[in-house]
Amino acid sequence: MSNTGTIFQREISAYFLSPIAYVVIAVFTVFSGYFFSVMLGITQETTLQYSLAYSQFILSILAPVITMRLLAEESKTGTIEPLMTAAITDFEVVFGKFLAAWALYNIMIAPTAFYIIFLAWVGSPDYGTIISSYIGLVLMGGFFISIGMLVSAVTKNQIVAAVIGIVALLILLVIGLASSGNEGWLYATMRYIGTYDHWETFTKGIIDTRDVVYYVSFTALLLFIVVRIVESRRWR
Amino acid sequence: MSTVHEKNRKDWFDLYSGYIILAGIVAVVAGFGVSRIFDSWGFSAILPIGIGGGAIIGLSTAAAVRNKWFSTEASKRKALVGTNVAVMSIFAAAIFAIVGFLNNRHYERFDLTLTGKYSLSQKTENILKNLNKPIVVTTLFNPGEMFYEQIVDILKEYAYHTDNIKLQTIDPLRNRTKVEELARRLKISDLQLNTVVFECGEYSKHVQQNEVIEREYPFKFKGEEAFTEAILNVTQEKQTAIYFVTGHGERLFEDFDRSGISGIANALKRDNCRIAPVDILSKKKIPDDCDILVVAGPTKPYLTEELNIIRNYLEGRGKMLLLLEPAAPPNVPTGFRELLAEYGIMIRDDVVVYVKTKMPLFGMQTVAEIYVGKDEYAEHKITEDIKNYNTILYGAASVGATPPNDQMPYQATVLMNAPDGSWGETDVVNLKYIKPEQNREEDLVSPVPLAVVSHVKELPQSVLKSHPTMATDPKAKPQGARLVVFGDVDFVSNEFVDNPGNKDLFRNSINWLAQKEAQLGISAKPPDFRKAVIHPVQIKVIFWTTIAGIPVIPIIVGSIVWWKRRR
């Protein structure tokens, strides 16, 4: 198994051998289930668009909870030192941890697939819109996890990492919302950086390469910075 | 002494430099905020940014020197590593920005919806592919408006298919300055809200909300048809030239008073029409570039010479919109009777009386307003979109169509009638003094026509059967004059033009005369709301399963794991 696979296995085991994975999944399913059933009752529309729009808030809170311990805890407990001296690259460490957190994120959103069964039970949903929404959810998850990892890399305290991560994601959400409907380069930049517009397009049933590239490139950029931060520790 | 002084200075720096740097950051942010609020980089924005930025750089440098950040080997290495991370991060961010920029210019969109909700028709795609002029599309919608999102989404699809469309949105409630700026640029005094403005060079076309939504419930979205037509309109080399005849007491399009018709003139300008006055008698001809001649409520008779000029114009396939009034003062006809008769149109010297309500004590009351509703519109391209709206006429004369005549090349058809119970009162002289009573021998009895259209007859069925290709060949179709005649002008005056159907009836008439009636054939899309039929039991099952049933699974699994590890 490659080094990345080993790190991945170690991290995913750590998640599922501690209560964190189960708590996160349970919390998410309660909230997303509430939004789903309430929005279905109100709108009477066989779509996930409205319930997923609300779920973005919950994901902004839960993604940093998933990532908060990834690097912060290792720095605090000193377990990162053996990792730094092992025959393993910084990229493999960071990427393995990222994949583990992203996997947990995807396992967390997987139960929402039950909602599609409910939608089919009461009407005929537009499966194209649902597929594009899930593609968006998965890509957005990678982006959220990478932000959480960046914060975890620059702090030593898990709680601080979680709080900063949540604030950062909510800011990204808010600047996207605040810039909607405004003109000018500043608002256009804010709209591009903010997550709202990119995510909304997926929920409508459109796959736009601008949104895909936004999520993928932002995730890659943040992971690159995380690798550089981890690498810098060798030389301090 | 010097030691004490040095200690004091150090204390001051250590105590306050952090706060000053923080204040500097606040000043920079505030300056930036001021620049965005006032939309300029004036003194009030530059000053705090300059002072704040100076304080941050100056004090940070001083702190680095004082604390010897670069003096020891360890601190040097730490600083270098930090700088290395920062520089590489900035470098990566620059690459990210370039990728984002390029991606914004060259992108692909895939519509995964089952009904192709965001996909354009092949017809529109072909038009966009051949578009060779830049068009600025501005949405002037309150974001809460019906179909707003769908309008913006489909316009994004237009922008995706061609680089020649630039899309911009203005929230009219939050950005009045930009609305006013746009109105100035378009030279329009009243820019209507909840419209989409298409601009191409000096031409512009406004698509209003009611043109985008099919009015019958369930509402359908016909944005593609309206927007594609607007693109065709603004990219046309030639605007529709409309001349308003003056010199006989006609309503003036420069008149902003209640009786003027400046409102409808603005609506025509929004439809990419060019309007101008024409005095037939002094010019001795109708201008060569005239696409439509409008005679808006003359109160004085036309001379025979003028009528002959109009006759010549019509014979050369001219188009005319005539808005008449009841003969007032009585027995002063405008002189159009004979001319219009050549096109199968009959005008009378009467006033349409409409018995509207039964008032307690006063009995049935006649009113000047004539409400034309769904049942009173005839089947015609002009009226098909406005049948759910009333047109309100105010003091109209009846205008009828002569029965079909084999000798006449023109066919006149009634466009709309007054409601049942109305009649054409011929005793106009005494109308002001006595309550009108229907005289079945002299007055025109219901149905009373209020507007008529006339155009050259279609090819007979026998000809089309023997030559089927002629049915679809536009060149084979008979060409000739087109006329629309209304028995009222007040319905388009500034006072009444904002009634629900009035403006659209007039605009549709103009479009029909200009032969711009929608021929795109892009059908309206149903909203595709995908409604569910949910029984109360079903929603209870869904609610409890989603908020309690599904979440309990990870809790049970987590508890088992915890229990096993505990042992």
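For a Förster distance of 41 Å, can you work out the FRET efficiency between the beta-carbons of B:K457 and B:L114, rounded to the nearest 0.05? Walk me through the numbers on the way to the answer.
On the way: r = 46 Å, r/R0 = 1.12.
With R0 = 41 Å, the Cβ-Cβ based efficiency is 0.35.
Please rank B:V561, B:V34, fewest neighbouring Cβ atoms within 10 Å first, as an exposure proxy. Walk me through the numbers on the way to the answer.
Values: B:V561 16, B:V34 19.
In order of increasing Cβ crowding within 10 Å: B:V561, B:V34.
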Flagged links, alpha-carbon separation over 27 Å, of B:K374/B:K465; B:K166/B:K222; B:K129/B:K503 = B:K374/B:K465; B:K129/B:K503
Pairwise FRET efficiency - B:L47 versus B:K374, Cβ, R0 = 60 Å, nearest 0.05 = 0.40
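Counting DSSP beta bridges with both partners in the protein assembly as shown, what percentage is antiparallel, nearest 5?
65 percent
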request  = Convert each backbone phi in the stretch A:19-26 into a coupling constant with the Karplus relation 6.51 cos²θ - 1.76 cosθ + 1.60 (shift: θ = phi - 60°), then list the ³J(HN,Hα) values in order as whole Hz, x for Gly and Pro.
outcome  = x, 4, 4, 5, 5, 4, 5, 5
inquiry  = Quick check: the angle from helix A:49-67's long axis to the longest principal axis of chain A, C-alpha only, nearest 10 degrees?
reply    = 10 degrees
inquiry  = Need the full-extension length gain, B:K531 to B:K68, defined as separation in residues times 0.36 nm minus the C-alpha distance. One decimal, nm.
reply    = 159.7 nm
query = Hey, rough spin-label estimate for B:D498 and B:D14, points 7 angstrom out along Cα→Cβ, what's it come to in nanometres?
reply = 7.2 nm
DSSP-loop trypsin sites (Lys or Arg not before Pro) across the stretch B:276-316, with at most 15 other Cβ within 10 angstrom = B:K284, B:K285
ask   = Long-range amide H contacts for B:M416: which residues qualify at under 5 Å (H placed 1.01 Å from N, peptide plane, sequence gap of 5 or more or a different chain)?
value = B:A378, B:L450, B:A451
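Using DSSP to define loop residues, name the GluC sites (Glu not before Pro) in the stretch B:224-333 whose beta-carbon has at most 10 other beta-carbon atoms within 10 Å. Display every interim value, and only then the final one.
Values: sites: B:E224, B:E225, B:E229, B:E237, B:E250, B:E254, B:E305, B:E306, B:E315; in loops: B:E237, B:E250, B:E254.
Passing both the DSSP loop test and the Cβ count: B:E237.
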task = Mind checking the full-extension length gain between B:I560 and B:F101? Use 0.36 nm per residue of separation minus the Cα-Cα distance, one decimal, nm.
result = 160.2 nm
message = If neighbour count is taken as other Cβ atoms inside 10 Å, put B:H535, B:H455, B:H380 in order from fewest to most.
response = B:H535, B:H380, B:H455
message = Once you place label points 7 Å from the Cα toward the Cβ at A:V167 and B:D288, how far apart are they in nm?
response = 7.5 nm
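Going by C-beta contacts inside 10 Å, put B:R77, B:R440 in order with the fewest on the left.
Working: B:R77 12, B:R440 8.
With the fewest neighbours first, B:R77, B:R440 line up as B:R440, B:R77.
With r defined as the distance between the Cβ atoms of B:R184 and B:E315 and R0 fixed at 56 Å, what FRET efficiency is calculated, to the nearest 0.05? Walk me through the numbers on the way to the answer.
Numbers: r = 42 Å, r/R0 = 0.75.
Here the calculated transfer efficiency is 0.85.
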query = Hey, got the dipole for chain A? About the Cα centre, +1 on K and R Cβ, -1 on D and E Cβ, debye to the nearest 20?
reply = 580 debye
request  = Kindly provide the helix-only [θ] at 222 nm of the protein assembly as shown, computed as the sum of -39,500 (n - 2.57) over DSSP H runs of four or more divided by all residues, to the nearest 500 deg cm²/dmol?
outcome  = -16500 deg cm²/dmol
request  = With everything on Cα atoms, drop me the angle between helix B:223-235 and the longest principal axis of chain B, reported from 0 to 90° to the nearest 10.
outcome  = 80 degrees
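Each reported figure results from applying straightforward, stated rules to the coordinates on display, with no laboratory input. Just so we're clear, the structure is a prediction, and the values are computed from it rather than from any experiment. For neighbour counting, all protein chains shown are included, and Cβ atoms are generated from backbone atoms with ideal geometry for every residue, glycine included.
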